[in-house]
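In what follows, a structure is listed as structure tokens, so that the remarks can point back to it.
What follows draws every value from the coordinates through simple rules; no lab data is involved. Predicted model only: the values in this text are computed from it and were never measured. Cβ: placed from backbone, ideal geometry, glycine included. Neighbour counts: every protein chain shown.
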Amino acid sequence: MLWRFIVLGVLLVIVYFMVKSALQGLFGKGRDVTRSVGSSGRPSEMVQDPVCGMFIPKEGAYILEQSGQRVFFCSETCRANYQKKLSSA
């Protein structure tokens, strides 16, 4: 009779940890989605592409220097579209 309670207790503990792990995976608890790991292994700063609005790591972005300021882009296409928009304005 006692062994049944022991087995039930072990099963309950296993189920508890499985449910806890699944819920953390669903809700992303403990994750930081605003940072990306750079080539140095440390988190890198995220910047927003002004054309498409996508956030990208600063160190991997395409750059356009304009009036002494740097503008960051996710792709060469977005950078070209931005330059076209500037030249037509």
- Could you pull out every residue, at least 5 positions away or on a different chain, whose amide H is within less than 5 Å of the one on Met54? Hs are placed 1.01 Å off N in the peptide plane, and Pro or chain starts have none. Asp49
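Where does each of 8-19, 59-70, 44-55 land if you order them by average Cβ count within 10 Å, highest first? Write down the numbers at each step before the final one.
Numbers: 8-19: 10.0, 59-70: 11.7, 44-55: 15.1.
The peptides rank, most packed first, as 44-55, 59-70, 8-19.
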- Item | Residue-wise HN-Hα coupling along the stretch 67-78, computed from phi with Karplus coefficients 6.51, -1.76, 1.60 (Hz; x: Gly, Pro) | 6, x, 10, 9, 10, 10, 10, 7, 8, 5, 4, 5
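Once fully extended, how much extra length lies between Leu23 and Arg4, figured as 0.36 nm per residue of separation less the alpha-carbon to alpha-carbon distance?
Details: separation 19, 0.36 × 19 = 6.84 nm, distance 2.84 nm.
Length difference between fully extended and current span is 4.0 nm.
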- Task: Within the set of other residues whose C-beta is less than 9 Å from the C-beta of Val51, count the net charge using Lys and Arg as +1 and Asp and Glu as -1.
- Result: +1
- Calc'd 3J(HN,Hα), the stretch 82-89, phi into Karplus 6.51 cos²θ - 1.76 cosθ + 1.60 (θ = phi - 60°), Hz, glycine/Pro = x, comes to 5, 5, 4, 5, 5, 6, 8, 7
- The ³J(HN,Hα) series, computed from each phi in the stretch 47-64 with the Karplus coefficients 6.51, -1.76 and 1.60 at θ = phi - 60°, rounded to the nearest Hz and given as x for glycine or proline, is 10, 9, 5, x, 8, 9, x, 6, 8, 9, x, 4, 6, x, 7, 7, 10, 10
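Can you compute the FRET efficiency between Lys84 and Met46 using 1/(1 + (r/R0)^6), with r the Cβ-Cβ distance and R0 = 25 Å? Round to the nearest 0.05.
Numbers: r = 25 Å, r/R0 = 1.01.
Using R0 = 25 Å, I get an efficiency of 0.50.
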